[in-house]
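The values are calculated or read from the model by the stated rules, or taken from the named source; none is laboratory data. These figures come from a predicted structure and were not determined experimentally. Note: ideal-geometry Cβ built from the backbone for every residue, glycine included; neighbour counts use all protein chains shown. The accessibility values were calculated without ligands, DNA or RNA, using every heavy atom of the protein model including side chains. Shrake-Rupley method; radii C 1.70, N 1.55, O 1.52, S 1.80 Å.
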Amino acid sequence: MAKLRIVWKKSDIGRPERQSRTIKALGFHKLNSVVIHEDTPQIRGMVRAVAHLVECSEVNE
């Protein structure tokens, strides 16, 4: 299964609380950090909700 490489690029300061919680749920702790997740509909939906704050690319193994 493909994986997603997600990079947190923009701060969540001043954003709605729901977006901040989504960033934390994706596993981010600091700005410009990278997380790798399986490509599932749930993760895709979370990325779509904060697409303006993150960059996402596919990683094929």
Margin query: Accessible area per residue for segment 3-59 in Å², computed with a 1.4 Å probe and the full protein assembly in place, what is it?
Written below: 64 Å²
Check: Dipole of the chain, Cα-centred, from +1 at each Lys and Arg C-beta and -1 at each Asp and Glu C-beta, to the nearest 20 debye?
Finding: 280 debye
Note to self: If I model a spin label at R44 and S20 as a point 7 Å from the Cα along the Cα→Cβ vector, what separation in nanometres do I get?
What the structure shows: 3.0 nm
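How large, in percent, is the carbon and sulfur part of the accessible surface of the chain at a probe radius of 1.4 Å? Intermediate results must be reported in sequence, preceding the final value.
Details: 2110 of 4150 Å².
Percent of accessible area from carbon and sulfur atoms in the chain: 51.
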Checklist line | Residues of type aspartates and glutamates that K24 reaches as a straight line, Cα spacing below 17 Å, ignoring anything fewer than 8 places off in the same chain | finding: D12, E38, E55
